[in-house]
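Some notes on the structure that comes next.
The values are calculated or read from the model by the stated rules, or taken from the named source; none is laboratory data. Every value quoted in this text rests on a predicted model; they were computed, and no experiment measured them. Cβ atoms come from the backbone with ideal geometry, glycine included; neighbour counts cover every protein chain shown.
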Amino acid sequence: MPDFAWVQDVGGSLTVLADQVRRAIAWVYENAARFGGDPNRLYIGGQSSGGHLTAVALTTDWQREFGLPADIKKAAYASAACTI
């Protein structure tokens, strides 16, 4: 489970958080076999801000940005909290 910076600590830039999570996903894909994982069974998910970052990961061009297969994730779940 990757962690990411608090938006307040990075000057309000969501791009920093998105980049951290995308790099973490790429690292897991590239290193899964080292810790007994299967890179062909990569599932991602998040809730609240993690749901937003999951959506960012779903729109990532993995080939262009990381040199990885286009569809490295097998499934994703993004959930956002809403208060009225």
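Among the numbered conditions (1) loosely packed, with under 14 Cβ neighbours inside 10 Å; (2) in contact (Cβ under 8 Å) with a residue 24 or more places away in the chain; (3) of a type in the set (Lys, Arg), tell me where ARG22 comes up short.
The number of the failed condition is (1).
Quick check on my filter: what residues within segment 53-72 are within 20 Å of LEU14 (Cβ to Cβ) and surrounded by 17 or more Cβ atoms within 10 Å (Cβ to Cβ)?
LEU53, THR54, VAL56, ALA57, THR60, TRP62, PHE66, listed by residue number.
Of all residues in segment 6-29 being within 20 Å of LEU58 (Cα to Cα) and among the small types (Gly, Ala, Ser), which is farthest from the chain's Cα centre (by Cα)? Walk me through it before giving the result.
Start the filter on segment 6-29 by keeping residues that are within 20 Å of LEU58 (Cα to Cα), which leaves 13-29.
From what's left, among the small types (Gly, Ala, Ser): 13, 18, 24, 26.
Details: SER13: 16, ALA18: 7, ALA24: 7, ALA26: 8 Å.
Within segment 6-29, the match that is farthest from the chain's Cα centre (by Cα) is SER13.
Tell me yes or no: at least one residue of segment 27-36 is touching a residue at least 40 places away in the same chain (Cβ under 8 Å), of a type in the set (Gly, Ala, Ser) and surrounded by 12 or more Cβ atoms within 10 Å (Cβ to Cβ).
Checking segment 27-36: not a single residue is touching a residue at least 40 places away in the same chain (Cβ under 8 Å), of a type in the set (Gly, Ala, Ser) and surrounded by 12 or more Cβ atoms within 10 Å (Cβ to Cβ).
What are the residue pairs meeting all of these: first residue in segment 70-84, first residue farther than 12 Å from ILE44 by Cα, second residue assigned to a loop (DSSP other than H, G, I, E, B) and modelled with pLDDT under 85, Cβ atoms under 6 Å, and 6 or more apart or on different chains?
Here the result reads ALA81/SER48, each pair linking segment 70-84 to a residue that is assigned to a loop (DSSP other than H, G, I, E, B) and modelled with pLDDT under 85.
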